[in-house]
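Working notes, beginning with the structure itself.
The values are calculated or read from the model by the stated rules, or taken from the named source; none is laboratory data. Because the structure is predicted, anything quoted here is derived from the model rather than measured. Here the Cβ is made from the backbone with ideal geometry for all residues, glycine too, and neighbour counts use every protein chain on show. Heads up: the accessible areas ignore ligands, DNA and RNA and are worked out on the full protein's heavy atoms, side chains in. Shrake-Rupley method; radii C 1.70, N 1.55, O 1.52, S 1.80 Å.
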Amino acid sequence: MKRPVAAQGSSTLLITLILLLLSGSCLALLMATQTQLLVASQHKVQVRLLAAADGGVELGVARGVAGAGEPIARILGGSRPGAEVLLELSGFVPMAHGACHLCMTNLEGTLGSLGGLRRVSHVVSATANASRRSDGLPPPVRSVSAVVDLMPWPAENRDRWDLAVTMAAARRRIRQAAPAEVGGYAEGAPVAVARFEGDGVGAARVVAVGGSGRALHAVEIAPRPGPLWSFADATDEDGNGAPDLGRQLTAPAIVRLRLGEGGLPVAVFGGGYDRDRPHDVGNWLYIVGVDSGRLLHKRRLDAPVTASPAVADLDGDGVADRIYVGTLAGGLYRVDLSTSARLAGGRVAADFRAPRRVFETGGRPIRQPPAIVPVPEIGGHVLALGADGRIDLPASREEAAGRFFVLVDRGAGSIVSAGSVVATDLSGGVPGPDRLAPELSPSDQGWSLALERGEEIASPPLAAAGLLTFLTFRSTRLDGGVIRRYSLLLRSGDAATGGARGVPVASGVSRPSGDFGSPTRLDVDHPGRVAAPLLSPGEERLLETLRAGMPGSCRFGGARLRLAGAGIDARPLRLAVLPVCRIDVDWFENGMF
C-alpha cells in the first residue's frame with residue numbers, strides 16, 4: 001500500500017534531523033577529542049618544561065659548587081625533532097652571607113680577610129623554552145628559581161684562599177720598608193694581611209702588618225703599593241727598667257673597632273717577648289691605627305704576650321665585639337668592644353673597657369690564639385684553647401702536662417677555673433657525655449683534655465662543623481720530636497674518627513715555628529672530580545660523623561672543603577676535611593603559555 005506524500009515528507013524530515021543530530025554529536029565529539037588531545041599535549045609540554053627547568057636548577061647548583069658559576073645555555077632533546085627544549089641557566093650567584101655557627105670563626109685573621117667561611121645565600125634560575133608552535137603563537141616557557149644556602153662556604157672568591165703569593169709580596173714589601181734604626185724585619189717573622197672592601201666605587205684595599213726587633217711595620221699591597229708606617233715603643237710605663245715592647249712580636253689581628261665616628265681599622269697585638277728579660281718585657285696589649293700608625297690604646301697584662309689576639313664579631317656587622325688574648329703566665333683576657341669608644345687627644349678615652357682576666361690555665365703558657373665558636377643553643381660562645389706543657393717563665397723551666405680546654409663564655413663575669421672543667425677520658429676508647437648540651441646546668445662549663453708532659457700546642461686550633469683540630473709538638477730530646485694532629489668532636493672531646501684522639505703525622509723533626517699549622521689554602525671539590533684526592537678511611541668516617549651532627553634541614557651532595565696549612569719544610573699539611581651543608585631556602589616557579 002502506497003504511503004501518502006505527506007507521511008513520506010515527514011519521514012524524510014525526521015531522518016534528516018536525526019542525521020543532523022548525529023553529525024553534530026560526532027563533530028562535537030571530534031572537537032572535544034581534539035581539545036583533549038591539545039590539552040594533553042600542552043600538559044605534556046608543561047611537564048617536560050617544568051622537569052627541564054627543575055633539573056636546570058639542580059644543574060646550576062652543582063656547577064656553582066664545582067666552581068663554574070657563569071650563565072650557560074643547553075639544547076635538550078635535540079635527537080627528537082619538535083621536542084627540543086632550550087635550557088638557559090642564570091649562573092650561581094652569591095647574594096648575601098651571614099654568621100654561621102658551623103663555620104671557622106677564628107679564620108677572621110689573614111684568611112678571613114681574604115675570603116672567610118660563612119653561610120652564603122646563592123640565587124639560581126633556569127628557564128626552559130619549547131620549540132616554536134605551528135599556530136604562530138609564542139612558544140611555551142617555564143622558569144624555576146631557587147635560593148640556596150651553603151655552609152661552611154667561602155664568602156668571597158675562592159682564589160683568595162691561596163695565600164702563597166700574597167704573603168710573599170707582604171713579606172717582601174715589609175722587608176723593603178722596615179728602617180734599620182727601628183729593628184728592620186727578620187725573614188719569617190709573623191705577618192698579618194687584611195682586606196677592606198671599597199666604598200662601592202673604589203677598589204678593595206689590602207694591607208699587611210708585621211715586624212720583629214721591637215718594631216712593627218705596615219705596608220699597602222693594593223691598590224696603591226707602598227709603605228704606610230713603622231711603630232716602635234721604647235717607653236717603660238711599668239717602671240721596671242725595660243722597654244715595654246719585646247723583640248719577638250706576634251702577628252696582629254687587623255680588624256675594625258667601634259672607635260670615633262665608625263668602624264676604624266686597627267692592628268691589635270701583644271707586647272711580644274725578650275729572652276733576656278722574660279718577666280719584664282712584652283706584658284702589654286696594643287691597639288694601633290692602620291692608617292696612621294698612631295698608638296690608640298695600651299694596657300698592661302700579667303705576663304708577656306706571644307699569641308696573636310683572637311677577635312669575635314658576634315653580630316656579623318664586620319666590626320669586632322670582643323678580643324681574647326692569652327699570656328705566657330696562663331692568663332686569658334677578654335676585652336668587651338660591643339659599645340663605641342671615644343677618642344680623646346688621638347687615643348682611646350680613659351673609659352674604654354680594660355682587659356679582664358677571665359680564665360687561668362694553672363700556670364701553663366698560652367702561645368696560640370683560641371678558636372671562638374658560637375653555640376646558640378647554650379646562649380654563648382665556646383673558646384677552644386690550648387695551654388702548653390713547656391713552661392718558660394719559671395726559673396726551674398720544668399715541663400708540665402699540657403692541657404686543652406673547651407670553655408663556655410656567656411660574656412658576663414669570669415669563666416670557671418681550670419680545675420673545675422670536666423676532664424675527658426684519656427684512653428680515647430670511652431665516649432664522653434655531651435658536655436655542651438643545652439640541658440646542662442650553667443656551672444658545667446665544657447671539658448678539658450690532658451696532653452703528655454712537655455707537649456706543646458703547635459698551631460692555632462680550628463673549629464668548624466662540630467670538628468675541633470689542632471697540632472702539637474713534643475720533644476724526644478734524642479731525635480728531635482713528634483708532631484701529632486688531634487681531631488676531636490667539639491661538644492665532647494671524643495675522637496672524631498673513632499680511633500685515637502691524637503695521631504702522629506711527623507717524627508724526628510725540630511720544634512716548628514713561624515706559620516706552622518696556620519691555614520693557607522682552601523679547596524672545594526667533589527669526589528668525582530679528577531683533581532680531588534682520595535680520602536683516607538678515617539677521613540671518610542669523619543665526614544659521615546660530621547654530617548650526622550649537622551641540622552636536619554641539611555642536604556649533602558658530596559661537596560667538601562679541604563683545608564691545608566704549612567707543614568714541615570713548608571710542605572702542605574692537610575688540617576681538616578669538612579662536609580658542605582646545603583639548605584633550600586626558597587623554591588618557586590613561573591609558567592608562561
(Q) Between ALA186 and VAL147, how high is the FRET efficiency from 1/(1 + (r/R0)^6) when r is the Cβ-Cβ distance and R₀ = 60 Å? Nearest 0.05. (A) 0.75
Q. Using heavy-atom solvent-accessible surface (probe 1.4 Å) with all chains present, what is the largest-first order of ILE72, ILE366?
A. ILE72, ILE366
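What shape does the stretch 295-356 have by the C-alpha gyration tensor, where a ≥ b ≥ c are the square roots of the eigenvalues, rounded means a/c under 1.5, and otherwise prolate means a/b greater than b/c and oblate the rest?
Details: a/c = 2.26, a/b = 1.24, b/c = 1.83.
Because a/c hits 1.5 or more and a/b fails to exceed b/c, the stretch 295-356 counts as oblate.
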Q) Simple spin-label model, 7 Å along Cα-to-Cβ: PHE196 to ALA548 in nm? A) 4.7
Q.
Explain nothing, just compute: Karplus ³J(HN,Hα) = 6.51 cos²θ - 1.76 cosθ + 1.60, θ = phi - 60°, for every residue of the stretch 119-125 in order, whole Hz, x for Gly and Pro.
A. 8, 10, 8, 10, 10, 9, 9
Q: Scan around SER518 for amide H atoms under 5 Å from its own, H built in the peptide plane at 1.01 Å from N, and keep only partners 5 or more places away or cross-chain.
A: ALA566
**Q.** Long-range amide H partners of ALA458 with built H, under 5 Å
**A.** LEU471, THR472, PHE473
Q) How high is the FRET efficiency between PHE588 and SER338 when r is their beta carbon distance and R₀ equals 60 Å, given to the nearest 0.05? A) 0.95
(Q) Rounded, prolate or oblate, given the Cα gyration tensor of the stretch 464-593, with a/c below 1.5 counting as rounded? (A) prolate
Q) Size of the dipole of the stretch 455-554 about the Cα centre, Lys and Arg at +1 and Asp and Glu at -1 on the beta carbon, nothing else charged, in debye to 20? A) 140
Q. Sorting HIS279, HIS381 by accessible area (1.4 Å probe), largest first, what list results?
A. HIS279, HIS381
Q) What residues qualify as long-range amide H neighbours of ALA222, i.e. H under 5 Å apart, gap of 5 or more or another chain, H built at 1.01 Å from N? A) VAL206
Q: Give the residue from PRO223, SER212, GLY282 lying farthest towards the positive end of the charge dipole for the stretch 195-286; charges sit on Cβ (+1 for Lys and Arg, -1 for Asp and Glu) and the dipole is referred to the Cα centre.
A: PRO223
Q | Cα→Cβ-extended label distance, 7 Å offset, between ALA96 and SER510, nm | A | 5.2
Q) Taking the simple approach of a point 7 Å from Cα along Cα-to-Cβ for both ASP569 and ALA354, what is their distance in nm? A) 5.2
Q. Under the classification rounded if a/c is under 1.5, otherwise prolate if a/b is larger than b/c and oblate if not, where does the stretch 287-393 fall, given a ≥ b ≥ c as square roots of the Cα gyration tensor eigenvalues?
A. oblate
Q) In Å², what does the accessible area per residue of the stretch 460-518 work out to with a 1.4 Å probe? A) 39
Q: Among the trypsin sites (Lys or Arg not before Pro) in the stretch 476-525, which ones are in a DSSP loop with at most 11 other Cβ atoms within 10 Å of the Cβ? Mind listing them?
A: ARG477
